[in-house]
Amino acid sequence: MSDTDDTPMVKAERVHKSFGAVEVLKGIDLQVRRGEVFCVVGPSGSGKSTFLRCINHLEKINAGRLYVDGELVGYRQRGNKLYEMREREVAAQRRDIGMVFQRFNLFPHMTAAENVMEAPVQVKGLPKAEARERAEELLERVGLGDRADHYPAQLSGGQQQRVAIARALAMDPKLMLFDEPTSALDPELVGEVLDVMRALAEDGMTMIVVTHEMGFAREVGDSLVFMDEGVVVESGHPREVLTNPRHERTKAFLSKVL
Amino acid sequence: MSLDLDKGRDEVAPEELTAVPVRHWGRWIGAGLVIALLAMVVWAFANAKINWNVVGDYLTYDRIMEGALNTLWITVCAMVLGLVLGMLLAVMRLSDNPVLSSVAYGYIWFFRGTPVLVQLVLWYNLSYIFDTVNLGFYKNEMNDVMTPFLAALLGLGLNEAAYMAEIARAGIKSVDSGQTEAAQALGMNGTKTMRRIVLPQAMRVIIPPSGNEFINMLKTSSLASVIYFDELFRAGDTISSRNLAVMEMMMVVSVWYLLLTTVFSIGQYYLERHFAKGSDREQPPTPLRRLRQQLTTFRTKSRVGGETV
């Protein structure tokens, strides 16, 4: 699939997800175009993080269809049944999807550079020297060229999150998922992470960003959906939705966070 | 009443005041009592009928040294068996497969629930119930196969595996689930995630109790003497039945056990340092480095409030 074709990067059709008896996603429909920054906002418990985690199959969906780049995620459809893929196939799908977590989840026993090198070496079989060179480039790109040999515990939260972004980029993903990337940061460290994400957006990366940073959504976002109680309540251009929300629930939420 | 007190609080200038620390009389009394008790013990031993020459002579006696070597050898072998099997059992217990996890649980239940001495005797006498070993490709008389060494290895190692499994399970569970998720999101498979991400972090939790187990094993291996494995205790015991210096020989044996456990405690310290990588901002200096530092800077050692005295 080339970048020029117009299959959406992500397409969700009636996606359902339950944890036991609790239905967290109640039929999500949406499309993410190539190269766009797609923001997902909503109150906690609205299912936005769960939806993000379904996109790389960290959570398994119970019904509906979820495509990334035209391919079903984690399942194969035969007739009216979805057959779950084997671990190896799921792992292969995940290679092209980068993910950044709220709590960074850097590997604490490895230096920044080793964190970034890990997947290219272990998964793609890249020679170590080459991976190291590339890791240094990526760390330079997120402004941490001089921190390559620091362990995560020796870095600030903002620096750790930037290393995490570099780690995800090391696999040359076609899609980046951000799960509240700035929620665990001190206020003065939020900016440096958002700057890196902004630069990434300018380079044309397709990004899905679950966030509470309305300013970022308004400035950088191309589309925005507001989710509540497992459904998409409202969607459109960020400026439009954030300034002129049509739905009562959106209005109520925005009046609290803006 | 002294003159100073009569002067009232405000008449003493602040810089003339000195703080007097609390006197800990209890500490002096406690220390005195303990030292007195220690002195009594030393006096008692100095006047006991101990033939110290025998202790000195037998410390480096061939059979004793061989015994110590065998103790070390069986400990290392049994621990390796216990460690490998224990890791496997831990992974089995954490598995989603109910058969695997129940079997692991059953194993742990049996081997933790029976005394290791009983297990040693069971292995050693296995020929009573199976007179031949037949593994398809290998066939032999059980009596030839089940040497004291093999019986000791199986008895100690399989028992150890049950304990190591619990230690390893605790270690694996102590690693944050976000670590597994991050590794999976990068496209790593389950085996790689376990080997590269989870286990290295679990080791920090696994090593201290494993070191404990190792030191325990050094001593527990003395039980293998009942199945005629020539380890340290048996060596001392056999000699003492000839020269009748029971207490002296047990002292010789104790010295060797202490030596072995001390060496391993030091090894454990360095192993823990290695796996603590990345967990602290800075590693504390090793005792050796600390000693060297103290030797080179002993002249400025006594400091009060940052000023050299």
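Quick note: the coordinates plus some simple rules give every number you see, no bench work behind them. Computed from a prediction, not measured in an experiment: that's the story for all the values here. Using ideal geometry, Cβ is built from the backbone for each residue, glycine included, and neighbour counts are taken over all protein chains shown.
Mind jotting down the distance between the C-alpha centroids of segment A:104-167 and segment A:52-78, whole Å?
Each part's Cα centre sits 29 Å from the other's.
Run the Debye formula on the Cα coordinates of chain A, all scatterers equal and no solvent, and tell me log10 I(q)/I(0) at q = 0.07, 0.14, 0.17 1/Å.
So the normalised log intensities work out to -0.24, -0.98, -1.37.
Quick one: what does P(r) look like for segment B:213-286 with 5 Å bins over all Cα pairs, in whole %?
Bins of 5 Å from zero give 3, 14, 18, 17, 13, 9, 8, 6, 6, 4, 2, 0 percent of pairs.
Run the dipole for the protein assembly as shown about the Cα centre, Lys and Arg Cβ at +1, Asp and Glu Cβ at -1, nothing else charged, and hand back the magnitude in debye, nearest 20.
In debye, rounded to 20, the protein assembly as shown gives about 900.
With 21 Å as the limit, write out which pairs from A:Lys48/A:Lys81; A:Lys128/B:Lys192; A:Lys81/B:Lys192; A:Lys124/A:Lys174 have Cα-Cα distances beyond it, or answer none.
A:Lys48/A:Lys81; A:Lys81/B:Lys192
Using a cut-off of 15 Å between alpha-carbon atoms, which aspartates and glutamates can reach A:Lys256, once sequence neighbours fewer than 8 places away in the same chain are excluded?
Cross-link targets: A:Glu213, A:Asp228, A:Glu248.
Students often forget the sequence filter, so: which lysines lie under 30 Å Cα-Cα from B:Lys139 once same-chain residues fewer than 8 apart are removed?
Filter leaves no residues.
Dividing the alpha-carbon Rg of segment A:24-118 by 2.2 N^0.38 Å yields what?
Computed over Cα atoms of segment A:24-118, the ratio equals 1.23.
Hey, what's the Cα Rg ratio for the protein assembly as shown versus the globular rule of thumb, 2.2 N^0.38 Å?
Rg over 2.2 N^0.38 Å, computed on Cα atoms: 1.37.
Exposure proxy check: A:Phe38, B:Phe45 ranked by fewest other beta carbons within 10 Å?
B:Phe45, A:Phe38
So how do A:123-131, B:186-194 stack up, highest first, on mean other-Cβ count within 10 Å?
B:186-194, A:123-131
Averaged over its residues, how many other protein chain Cβ atoms are within 10 Å of peptide A:105-117's Cβ atoms?
4
On average over all directions, what projected area in square nanometres does segment B:61-275 have, based on the convex hull of its Cα atoms?
Averaged projected hull area, Cα only: 15.0 nm².
Round to a whole angstrom and tell me the spacing of the C-alpha centers of segment B:27-75 and segment B:93-163.
37 Å
Taking only Cα atoms and a 10 Å spring cutoff, compute GNM fluctuations for chain A and point out the largest among A:Ala21, A:Ala164, A:Ala112.
With Cα springs under 10 Å in chain A, the top fluctuation among A:Ala21, A:Ala164, A:Ala112 is at A:Ala21.
Determine the shielding of peptide A:82-91 by partner chains: average, over its residues, the number of Cβ atoms on other chains within 10 angstrom of each Cβ.
That works out to 2 on average.
Would you be so kind as to identify which of A:Val32, A:Leu106, B:Ala152 lies farthest towards the positive end of the dipole of the protein assembly as shown, taking Lys and Arg as +1 and Asp and Glu as -1 on Cβ and the Cα centre as origin?
About the Cα centre, the residue reaching furthest to the positive side is B:Ala152.
As a test of understanding, state the convex hull volume per residue of segment A:104-174 from its alpha carbons, in Å³.
So the per-residue Cα hull volume is 80 Å³.
Compare the peptides B:232-238, B:23-29, B:140-146 by average per-residue count of other Cβ atoms within 10 angstrom and give them in order, highest first.
Descending mean neighbour count gives B:232-238, B:140-146, B:23-29.
Test of understanding: in a Gaussian network model of chain B with alpha carbons linked when under 10 Å, which of B:Val133, B:Val80, B:Val226 would top the mean-square fluctuation ranking?
Judging by the Gaussian network model, the answer is B:Val133.
Comparing B:Leu17, B:Leu81, B:Leu100, which has the greatest mean-square fluctuation in the GNM of chain B with Cα pairs linked when under 10 Å apart?
B:Leu17
Per the Kirkwood formula on distinct C-alpha pairs, the Rh of segment A:201-249 is how many angstrom?
11.5 Å
Please give the Cα centre distance for segment A:197-252 versus segment B:201-228, rounded to the nearest Å.
58 Å
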